[in-house]
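Chemist: Just passing along the structure, written as structure tokens.
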Amino acid sequence: MPTDTFRSLPQSPGPRFILRAAAWSLGLFGLLRLPWFETHAVLPLTEWQARVALISFGAPALSIEITTACSGADVLSLCAGAILAYPANWRTRLTGAAGGITLVLALNTLRIGTLGRAAASPSFDFLHVYAWPGLLTLTVAAYVFTWMRQADRHTPIDLPASPSAAAADSAGRSMPSPGIGAAGRLLGRASGRFAAWTAALLVLFTAVSPVYLESAAVLSLAAVIARAAAAVLGVLGVHATATANMLSTERGAFLVTQECVATPLIPVYVAAVLAYVPSWRRGALALLAAGPLFAGLGIARLLVVALPATLVGSPDFLIHAFSQVLFAAIVVCVAARWRHGPGVTAARRALLGAAAGSVFVYLLGVPYTQAITSPFAQGSPLDDPQGAVLLLPAFQVGLYLALVIAGFAVLNWRSCVTGLATLGLSQVVFFGALHLLARHADFTAHARDVRAWAIAGPLLVVAAMVTHERPGR
């Protein structure tokens, strides 16, 4: 039975890279949004891009307004932030960031020029809303990952000596083979690549969302999933019919849309394949298996209507939250396996963590949510048709408790309480920001983004706890 605390946990650069990249990107984004900096740097840079586009492509077909929103500053912040956060020497990082900034400015100038020429064309909206955001994000992501691979090749691998190796060295004996240390470093780099791939693919997934959310092909797939779910429910003895993409049961009708099919789990799955599968053949098979796998998950999420009303009061709510709950369960299992290795201990810790998180949500979820949201009770209610915003406070605490129990052998109560307080503070800030944006900018967060933050928030807090408790700090 392991008896160590946070301080003896194996370290991976993945969580640290995520935190550093988020800090760099948010810092750069905030800097570029400062009024003085926006007036004296971002605006002149935008005007310079517009002049270059005018010289290169000629006058636009129609008069268009080019503001600081067209500067490419958001993509530039993400690109430079990821590169500056990567564990490489500073000369390599600064060179990579300079190349990324040059690439973003060149692409954005090309974007302004082509949009100006297409201003009178029916394709303008498609180019402006879909094509260029997706192309810009994909190209920058490809540049960042190519730079990371080059940086890895030029970064020496420092192999930490184990205690036995240090003892052997002090006794004058020969050092053992460094194979295990090299494997650990390579695994750490794979974790870093997974974190980077996940972040980039989620950004791309969000950027191209208008394409798949309006796709007739994806809607046809949703209809197939609805019919398959009706057939399975019939086998289980539940009366169900499917008309087009509408599943009808005794508990109501459920519309299966493109959003139900295109889950954020897809980019996470692809990131795991790209980061961890060593062979291109196995990787290709894993990517091909994504279709049947996520179609099966789409069918499974509809089967909750077969659960009795005493167990599930609102099947529609659980259907919408299916991917969120499933991903949380996967994260808890991965944390337990990462800490305890394959075996009974990991399974027991994962089940114990999941049980503790579920008990908190069931018994204390409602009063905790009321405590978090009470400061904003006087404002207008947030638009939350799927219940994702209302679920977030209790779900995040439940996931946090599950991760702590599953991922650590001996609990450091001071760190656990600090992490829980940090998570609660982030929730208050989150709700405050949502109400502020809804009141002054008429902005409503998409349920997909809220569910993504519901997972990411506890993960970042736990990663920060592990990073803060590193030995030698």
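Chemist: Which of the residues spanning region 278-301 are part of a loop (DSSP other than H, G, I, E, B) and of a type in the set (A, V, I, L, M)?
Modeler: Matches in region 278-301: Ala289 only.
Chemist: Checking Ala438 against (1) within 25 Å of the chain's Cα centre (by Cα); (2) without any contact (Cβ under 8 Å) to a residue 40 or more places away in the chain, which single condition isn't satisfied?
Modeler: Going through (1) within 25 Å of the chain's Cα centre (by Cα); (2) without any contact (Cβ under 8 Å) to a residue 40 or more places away in the chain one by one, Ala438 breaks only (2).
Chemist: Further, regarding this structure: (1) surrounded by fewer than 19 Cβ atoms within 10 Å (Cβ to Cβ); (2) within 21 Å of Ser209 (Cβ to Cβ); (3) modelled with pLDDT of 85 or more: which one isn't true of Asp449, the others all being true?
Modeler: If we test Asp449 against (1) surrounded by fewer than 19 Cβ atoms within 10 Å (Cβ to Cβ); (2) within 21 Å of Ser209 (Cβ to Cβ); (3) modelled with pLDDT of 85 or more, just (3) comes out false.
Chemist: Report every pair of residues separated by at least 6 positions or lying on different chains whose Cβ atoms are under 6 Å apart, first residue within region 361-387 and among the acidic types (Asp, Glu), second buried (at least 16 other Cβ atoms within 10 Å of the Cβ).
Modeler: That search, which allows pairs on different chains as well, returns Asp384/Leu390.
Chemist: Could you go through region 410-425 and let me know if any residue there is charged (D, E, K, R) and either part of a loop (DSSP other than H, G, I, E, B) or buried (at least 19 other Cβ atoms within 10 Å of the Cβ) (or both).
Modeler: no
Chemist: Also, quick follow-up: Quick check: is even one residue across region 55-66 over 23 Å from Leu138 (Cβ atoms) and in contact (Cβ under 8 Å) with a residue 60 or more places away in the chain?
Modeler: yes
Chemist: Among the numbered criteria (1) under 26 Å from Val344 (Cα atoms); (2) in contact with a helix residue (DSSP H, G or I) (Cβ under 6 Å, 6 or more places away or on another chain), which one does Leu392 miss?
Modeler: It fails just one condition, (1).
Chemist: Taking only pairs six or more apart or across chains, which ones have beta-carbon atoms under 6 Å, a first residue in region 84-107 that is under 12 Å from Val144 (Cα atoms), and a second residue that is assigned to a loop (DSSP other than H, G, I, E, B)?
Modeler: Filtered contacts from region 84-107: Val104/Gly72.
Chemist: Now for a separate question. Going by what's in this entry, would Thr46 be described as more than 26 Å from Ala464 (Cβ to Cβ) and touching a residue at least 24 places away in the same chain (Cβ under 8 Å)?
Modeler: yes
The values are calculated or read from the model by the stated rules, or taken from the named source; none is laboratory data. Since we're looking at a predicted model, the values are computed, not measured. Neighbour counts are summed over all protein chains in view; Cβ atoms, including those assigned to glycine, are modelled from backbone coordinates with ideal geometry.
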